[in-house]
Amino acid sequence: MTDTLPMPIPAPLTPAQRSSILNLIRRAARAEILPRFRALSRAEIDTKSGPQDLVTEADRAAERMIARGLVQMFPNALIVGEEDVAANPEVVDQIAHAEMAFTIDPVDGTWNYAHGLTTFGVILSMTRYGQPVFGLLYDPVMDDAIVADREGPAQMLRPRLPAKTLTTSTGGSAETLSGYVPLYNAPKKRRPALADTFTRFARVMNLRCACHEFRMVAQGHADFILSTFLTPWDHAAGALIVARAGGHVSMLDGSEYRADRRKGYLLCAANAETWARVRDVFGFLLDDE
């Protein structure tokens, strides 16, 4: 019997392709997201899984525009948009086997966006056979993006300014750390025990926006982020970017994070030593896995 060799991961995107993707995201923000910000009618805001899980016409229109543009650039790619998955959940199962897939969160932080808060963004990742190889975290309000691929550094891209290479914080002991934990995305039975751990850190926050939480960790402004409900459009880009900024990224049980992972807890931290200290605090969650 012949051993099965691992599939080779093709080269990442070219600089021209990266620029084209960023320009597409910018155009979608200018055409579909920003004009509707603080101008949505009640009819343009809907719910999905519950009253806190919102979707707006901006989400749907921006995703359609981004998806169309990606198909034009990469005709054979699998496109996995958050809003499309709501109607076609089986698409997510194809990520692990797709030579090239793109995940799109057209308005991450929709609750903030719908309530007039500026803490929202656009998240895009490219994966190869489930492995994130390119990530983009875009802030439409400031028109800047943090990007990385699997071979280069994480960089902040700002109009008319040179690219800025990002580095995670130096970390430290648990009582000196600040980080993000979306408590209400955790299993309900775990929330009391999880909330009890917050006093062991300097500060635990929740921006209701994975895009900006990952941006903060990648820039060294926060030390960790624990993701308690995995979706590829929320986490694949940020996990790659934090890793390329020098952070340590792994599932809480120590296994590799992949975009096709749907169960378990993802922990991203400033470095391996800090990751281990945070993991020790949250280790009781491993009983769920």
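Side notes on the structure shown:
- Gain on full stretching of the segment that runs from ASP196 to ALA96 - 0.36 nm per residue minus C-alpha separation: 32.4 nm
- Tensor-based shape of region 97-198 (alpha-carbon gyration tensor, a/c under 1.5 rounded, otherwise prolate or oblate): rounded
- Cβ-derived FRET efficiency at R0 41 Å, ALA87 paired with LEU34, nearest 0.05: 0.95
- Modelled label positions at ASN76 and ASN206, each set 7 Å beyond Cα in the direction of Cβ, lie 4.3 nm from each other.
- The HN-Hα couplings worked out from phi for region 40-46 by the Karplus form 6.51 cos²θ - 1.76 cosθ + 1.60 (θ = phi - 60°) are 6, 7, 4, 5, 9, 10, 10 Hz, whole numbers, x standing for Gly and Pro.
- Cα centre as origin, Lys/Arg/Asp/Glu Cβ charges: the chain dipole, Debye: 720
- FRET efficiency, 1/(1 + (r/R0)^6) with R0 35 Å, evaluated for THR170 and LYS48 via beta carbons: 0.35
- Bridging of LYS189 to lysines at a Cα separation below 29 Å is possible for LYS48, LYS263, once same-chain residues fewer than 8 apart are set aside.
- In terms of the mean number of neighbouring beta-carbon atoms within 10 Å, the peptides 134-141, 64-71, 189-196, 92-99 order highest first as 134-141, 64-71, 92-99, 189-196.
- Listed from fewest to most Cβ neighbours within 10 Å, the set THR168, THR47, THR119 follows the order THR47, THR119, THR168.
- Between the beta carbons of PHE284 and MET142, assuming R0 = 25 Å, the FRET efficiency works out to 0.05 to the nearest 0.05.
The numbers here are math on the coordinates, done by the rules we state, and not lab data. The structure displayed is predicted, hence computed values, not measured ones. We place every Cβ from the backbone using ideal geometry, glycine too, and count neighbours over all the protein chains shown.
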